[in-house]
């Protein structure tokens, strides 16, 4: 049954879907640069120690725990002239570009000042990125309240995210070689400048196409205390954020797999193939809208997780002696991992209406700030655990060969470890009760409230 509010609401055009994709695509040029290359830049170009870099990352995550909900709370209690979130998407891109470029600049300073420069610019980048990322995801909930439109929107967004991160991995080595000519510092700086200027164009195009349509049930101003009350009553959101955080296990795989290619496969070049496979896996997103028309999202999520578990067991049993089989298995696991993204984001978005019904306040930003923070936290913890895992399996840095125990451990991690995350996700989903029927019931309640409010003001 259709919700009355979605019957009269104008549809989302293809241009708008492409614009939403474009913003995520351009924004994730920045995320891809910092996620894939900043550690190498710090240790091998800026010259600071890995310990100093790890400390910077830890401090940044502690700051995120404070900053992300505060930024979200600010956004939920105010509106810009062009809507609740669109205004932020106009000015944030410029600051994302500037802060990203600053992170890859090598100052001619003493070592302690280089460490301080790296810390300030990295934390600044994380703060600015939050101001862009939270409204980017939150605006999907005010573009449309139709569940299928929202699924299509977050699918477009996730496709942009994966494509943006993937293309950066391919462009950076080429541009560094083109601009550097033996000077890595200049090569990286110029590569980042070019990439981020292109990203800025995509982000600004995205901003120009997006339209906000969903208004809150009540017209009064939302206070900061209302935002956090809205968050605390949203029990379904916390379950989905726990499921989202479990990307941790795939993040560990992505941190370990280069070692697997170097020592188990003796072919470092397979890393480039793996990166291209990750980008190609995003094509699986196009299946999600069709699936959500036929099946509940919870069932889709469960099916993808179960399929991933089965493939991983088969992967472990078959081993990695056959390169063709190895690549097929890695492609399948990347496809399943990528396909989880739009489903999880769509389910997170649906919890906004649940908390609005409970509190009478609509707070999209605080909801999606949880996704932003969990993504950062998952990546940070995965980075730390990757180092501990390497120690546990007896990895010897810079050794020409590794022991049989280490080689077996590397394969165990990339094949079986994510099953643990899948099983935990299935356990959480067993207790997840907010389905499409409950969501549509909440939509009807909110539409009735808006109708009564409109009648009272006439």
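The values are calculated or read from the model by the stated rules, or taken from the named source; none is laboratory data. Here the structure is a predicted model, which is why all the values come from computation and not from measurement. Please note: Cβ atoms are built from the backbone with ideal geometry, for glycine as well, and neighbour counts cover all protein chains shown.
Data table
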{"quantity": "Filter result for the condition that a residue is closer than 14 Å to residue 23 by Cα and within 21 Å of the chain's Cα centre (by Cα), over 166, 160", "calculated": "160"}
{"quantity": "Scope region 57-111; condition in contact (Cβ under 8 Å) with a residue 12 or more places away in the chain and touching a strand residue (DSSP E or B) at 6+ places or on another chain (Cβ under 8 Å); matching residues", "calculated": "86, 88"}
{"quantity": "Count of residues meeting criterion [outside any helix (DSSP H, G or I) and in contact (Cβ under 8 Å) with a residue 40 or more places away in the chain] in region 179-214", "calculated": "5"}
{"quantity": "Qualifying helices (runs of 4 or more DSSP H) (wholly inside region 1-117; at least 1 residues being crowded, with 18+ Cβ neighbours inside 10 Å and modelled with pLDDT of 85 or more)", "calculated": "14-40, 50-76, 88-103"}
{"quantity": "Helices (runs of 4 or more DSSP H) contained entirely in region 387-458, each with at least 2 residues that are modelled with pLDDT under 85", "calculated": "436-457"}
{"quantity": "Residue selected from region 316-329 under the condition in contact with a helix residue (DSSP H, G or I) (Cβ under 6 Å, 6 or more places away or on another chain) and assigned to a helix (DSSP H, G or I), by the criterion nearest to residue 152 (Cα to Cα)", "calculated": "329"}
{"quantity": "Check on residue 418, within 27 Å of residue 54 (Cβ to Cβ) and surrounded by fewer than 19 Cβ atoms within 10 Å (Cβ to Cβ)", "calculated": "no"}
{"quantity": "Residue 178 vs. criteria within 19 Å of residue 254 (Cβ to Cβ), surrounded by fewer than 20 Cβ atoms within 10 Å (Cβ to Cβ) and either assigned by TED's automatic domain parsing to the domain that holds residue 22 or touching a helix residue (DSSP H, G or I) at 6+ places or on another chain (Cβ under 8 Å) (or both)", "calculated": "no"}
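For every residue, the table says whether it meets (1) surrounded by fewer than 16 Cβ atoms within 10 Å (Cβ to Cβ); (2) closer than 15 Å to residue 323 by Cβ; (3) assigned by TED's automatic domain parsing to the domain that holds residue 36.
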position: 229; (1), (2), (3): no, no, no
position: 234; (1), (2), (3): no, no, no
position: 246; (1), (2), (3): no, no, no
position: 273; (1), (2), (3): yes, yes, no
position: 278; (1), (2), (3): no, no, no
position: 283; (1), (2), (3): yes, no, no
